[in-house]
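See below for the structure under consideration.
Every number in this text was worked out from the coordinates using simple rules, so none of it is lab data. Remember, it's a predicted structure, so these values are computed and weren't measured experimentally. Virtual Cβ from ideal backbone geometry, glycine too; neighbours counted across all protein chains shown.
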Amino acid sequence: MGKMHYKRKLVIVFTIIGISLGFYVYSAFSQKLTKSTDLSDESIGGFKVFDNISSPEFIREYGEPIDQDNNKAYDYDYYYWKGGLKTASINTDEDKGKIMRLIISSTDDAQFENSLQTSKGIKLGSKKADVLSKYGDHYYKSYEQGADIIGYIDHKRNITLEFWCVPGGRVAEIRLDDADVI
């Protein structure tokens with residue numbers, strides 16, 4: 001009986017690993033198959049992926065970071081700025097400060113309160129239908145952390161724009177990323 005119990009646990013563990021790996025592969029494959037969307041004008045809070053948090057323009061707008069999370073596993077750190085902006089920026093070498101990810105997200109206290117928006121006017125609390133009408137039908141879908149994710153990819157610039165929607169179809173997080181950021 002002990003051997004059967006062990007085998008059953010092993011099957012369950014490998015099934016869970018297989019399903020998780022399948023979702024990851026599907027998501028990555030889905031991005032590659034999605035038709036490209038021109039995101040060359042896309043910004044959040046007036047800044048684009050690959051801008052630098054040390055630039056005079058960025059410092060004039062956002063000042064010093066409110067908080068910082070060091071990310072020892074990767075070559076970028078997360079910074080929290082006034083106005084609800086979060087960035088992931090390279091933390092080493094000549095590219096130090098280069099923005100790899102810009103995020104607008106809600107907090108539990110104020111779910112959709114944030115004045116930051118995308119270049120096409122999508123902000124926290126916008127409807128999923130508004131995202132689709134402004135950004136079009138060439139998107140990939142994913143599901144993570146309880147969010148229904150609609151993503152657009154610019155293959156030429158290697159940039160993604162994701163809208164994380166909560167149940168009810170409202171945007172609760174927006175991410176503008178270098179497509180290679182994990």
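A crude spin-label estimate for the pair Lys82 and Lys141, with each label 7 Å from Cα along the Cβ direction, gives 4.1 nm. Site pair Ser105 and Ser36 shows an inter-label distance of 3.0 nm when each label is modelled 7 Å from Cα along Cα→Cβ.
Going 7 Å from the Cα of Ile182 along its beta-carbon direction, which residues of the stretch 130-157 have the amide nitrogen within less than 20 Å of the resulting point? Residues 143-145 qualify, since their backbone N sits under 20 Å from the label point. In this structure, the residue pairs whose Cα-Cα separation is over 27 Å, taken from Lys72/Lys98; Lys86/Lys128; Lys48/Lys123; Lys82/Lys141; Lys35/Lys82; Lys96/Lys128, are Lys82/Lys141; Lys35/Lys82; Lys96/Lys128.
For the pair Asp148 and Glu94, label points projected 7 Å from Cα toward Cβ lie 4.6 nm apart. Hey, got a sec? Which trypsin sites (Lys or Arg not before Pro) in the stretch 59-155 land in a DSSP loop and have at most 16 other Cβ atoms within 10 Å? Within the stretch 59-155, the qualifying trypsin sites (Lys or Arg not before Pro) (loop, at most 16 other Cβ atoms within 10 Å) are Lys72, Lys96, Lys120.
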